[in-house]
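S.K.: Below is a structure I'd like to ask you about.
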Amino acid sequence: MNTEESKVEQTGAEDGLPENYAELKKAAGRSADWRARLSAVEELGKHPHKQVIDILTRLAESDPVYTVQEAAYRKLLAFGEQVQAPSKDKPELFKGLSKILLRIKKSLPRDHSYEEFKEKLKKMRIDIYDTYEGVKGDDFDKWLESKWSSVK
């Protein structure tokens, strides 16, 4: 087996998977980086392969960020898959969010600023920070500041 054949075997490029499939699969599973998941969806969506369809289906059905869900849904439709459209209306994305935010707030000095709270949330719970940043978009700061001021 020559080097080129070995490369194809390792990447799966010959059987319809992208050459960087392993990297894209990993990016699609990054819970604290919705932008990486979205980028993976865009790239995977160019390859109608069963393994890709499985990943896109999981993201379309259960990704917490609607933008990622919708992108995966559109790619699946383009492949001719029968899939249900994702819903924008979701219950609380993280169980006990108020308690988590309260714990973070109480860990800061009494006279802390919103910016200090935001930074601490980002450091302690990047998964929550990133998910809600993706879900709320331009309204993220307004939403988080509202949560910060209402948590007692």
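S.K.: Can you tell me which residues in segment 15-27 are under 15 Å from the mean Cα position of the chain (by Cα) and touching a residue at least 12 places away in the same chain (Cβ under 8 Å)?
M.R.: Across segment 15-27, the qualifying residues are Leu24, Lys25, Ala27.
S.K.: Now for a different question. If you take the residues of segment 100-150 that are in contact (Cβ under 8 Å) with a residue 12 or more places away in the chain, outside any helix (DSSP H, G or I) and not hydroxyl-bearing (Ser, Thr, Tyr), which of them is most open to solvent (accessible area, probe 1.4 Å)?
M.R.: My answer is Arg125.
S.K.: Right, next: Among the residues of segment 60-80, write down those that are outside any helix (DSSP H, G or I) and either closer than 15 Å to Arg37 by Cα or open to solvent by 70 Å² or more (accessible area, probe 1.4 Å) (or both).
M.R.: Selection gives Asp63, Pro64, Val65.
S.K.: Under the condition of being within 16 Å of the chain's Cα centre (by Cα) and among the acidic types (Asp, Glu), which residue from segment 66-95 is farthest from Val52 (Cα to Cα)?
M.R.: Glu92
S.K.: Can you confirm whether segment 42-56 contains a residue that is within 16 Å of the chain's Cα centre (by Cα), open to solvent by less than 80 Å² (accessible area, probe 1.4 Å), of a type in the set (Val, Ile, Thr) and under 18 Å from Gly137 (Cβ atoms)?
M.R.: No, segment 42-56 has no match at all.
S.K.: Just wondering, is there one or more residues in segment 10-19 that are modelled with pLDDT of 95 or more, over 20 Å from Lys136 (Cα atoms) and not aliphatic (A, V, I, L, M)?
M.R.: no
S.K.: Now, a different point. Just to verify a result, which residue in segment 81-99, among those that are basic (Lys, Arg) and outside any helix (DSSP H, G or I), is nearest to Met124 (Cα to Cα)?
M.R.: Lys95
S.K.: Follow-up question, since we're still on this one. Condition test on Arg30, is it within 10 Å of the chain's Cα centre (by Cα) and either closer than 29 Å to Lys122 by Cα or buried (at least 21 other Cβ atoms within 10 Å of the Cβ) (or both)?
M.R.: Answer is yes for this residue.
S.K.: Okay, next question. Take the conditions crowded, with 16+ Cβ neighbours inside 10 Å, of a type in the set (A, V, I, L, M, F, W, C), at pLDDT below 95 and in contact with a helix residue (DSSP H, G or I) (Cβ under 6 Å, 6 or more places away or on another chain) and apply them to Val83. Does it pass?
M.R.: So Val83 fits the description; yes.
The values are calculated or read from the model by the stated rules, or taken from the named source; none is laboratory data. Quantities reported herein were computed from a predicted structural model and do not represent experimental measurements. Every residue, glycine among them, receives a Cβ derived from its backbone with ideal geometry; neighbour counts consider all protein chains shown. The protein model used for the area step is the full one, side chains on, heavy atoms only, and it has no ligands, DNA or RNA in it. Shrake-Rupley method; radii C 1.70, N 1.55, O 1.52, S 1.80 Å.
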